[in-house]
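Report on one structure; see the data block that follows.
Just so it is clear, none of the values below were taken in a lab; they were calculated from the coordinates. Source: prediction; values computed, not measured. Glycine gets a Cβ as well: all are built from the backbone with ideal geometry, and neighbour counts include every protein chain shown.
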Amino acid sequence: MPYWVLEYEVVDDYVERRGSYRADHLGLATAARERGELVLAGALGDPVDGALLVFQADGAGAAEAFAAADPYVLNGLVTSWRVRPWHVVVGG
């Protein structure tokens, strides 16, 4: 099954602002993981200016639906996002 990367770019004060939405964001991520869609996820660091979420699904829909429902996106912490296919050549 193919992999898909959801890439987030975030606001400068993302770390300070995410606390109010973190539990709901992590709940969404946990549910996606339990459904077998979300493989890995986390913020990029030094500086924290984005995040990557790796999905495994037949199409981009699971990743797109995640972003559309994510409280970080809905509340303006994510300035832009995109879903791209990831062609894994080692691992997986």
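So the values come out like this:
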| item | result |
| --- | --- |
| The chain - charge dipole about Cα centre, Lys and Arg +1 at Cβ, Asp and Glu -1, debye rounded to 20 | 220 |
| Mean residue ellipticity (222 nm) of the chain, computed from DSSP H runs ≥ 4 via -39,500 (n - 2.57), nearest 500 | -8500 deg cm²/dmol |
| Order by protection proxy (mean Cβ within 10 Å, highest first), peptides 6-12, 55-61, 79-85 | 6-12, 55-61, 79-85 |
| In order through the stretch 40-48: 3J(HN,Hα) via Karplus (6.51 cos²θ - 1.76 cosθ + 1.60), integer Hz, x for Gly, Pro | 9, 7, x, 7, 7, x, 6, x, 7 |
| Peptide ranges 26-32, 15-21 listed from the most packed, as the mean C-beta count within 10 angstrom indicates | 26-32, 15-21 |
| Vicinal HN-Hα couplings computed from phi for the stretch 56-68 (Karplus, 6.51 cos²θ - 1.76 cosθ + 1.60; Hz; Gly/Pro x) | 10, 7, 5, x, 6, x, 5, 5, 5, 5, 4, 4, 5 |
